[in-house]
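See below for the structure under consideration.
The values are calculated or read from the model by the stated rules, or taken from the named source; none is laboratory data. All of these numbers come straight from a predicted model, not from anything done at the bench. Here the Cβ positions follow ideal geometry from the backbone for every residue, glycine too, while neighbour counts run over all protein chains shown. Please note that ligands, DNA and RNA were not included when accessible areas were found on the heavy atoms of the full protein model with its side chains. Shrake-Rupley method; radii C 1.70, N 1.55, O 1.52, S 1.80 Å.
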Amino acid sequence: MLGWAFRDPNAIGTEVSFNAGKSKDMTMSSDPLASPEPPFDGPSDGPSDAPAAAPPALPESAVTFTKAAAMWGALVAGFVILIILLIFIAQNTESTRFTFLGWHWSLPLGVAILFAAVAGGLLTVAVGAVRIFQLRRAAKKNLKAGLEGPT
């Protein structure tokens, strides 16, 4: 059993002690005279016929997934991808020769892959913007037709 005692030299008759003995139910006692055994509950006549109490149900959290949480998650994922990409670029600095439609140039491999990733992202944004424009135009048309009513 571990323990310690502290006596304040400025106070007369003051002593603080701690007993680190743990009982079977894993509770700690700060009483220096405490026994590490749990208290005796009395004789047992065998297994109890009383049904075991069900543990209390945990309350459902009132906090739901929010757009701000999604934004933070996306930012963290974006920064992780950016760090991985920067490490890739730093490790692939050897110059490579490229040819496209008669053009010839030389770039470090990491930079060329970065350009390809940026071009793919811009293409995805452009296609998404066109689709959003189409959906908004269709929604306005349907709203205008609904407000005018059947003729």
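The equivalent ellipsoid that matches the C-alpha gyration tensor of the range 97-151 spans semi-axes of 46, 11, 4 angstrom, in descending order. Per residue, the solvent-accessible area of the range 52-151 (1.4 Å probe, heavy atoms of protein chains only, all protein chains present) comes to 91 Å². Zone of V130 (label point 7 Å along Cα→Cβ, backbone N under 19 Å): which residues in the range 81-119? Of the residues in the range 81-119, 118-119 have backbone N under 19 Å from the label point off V130.
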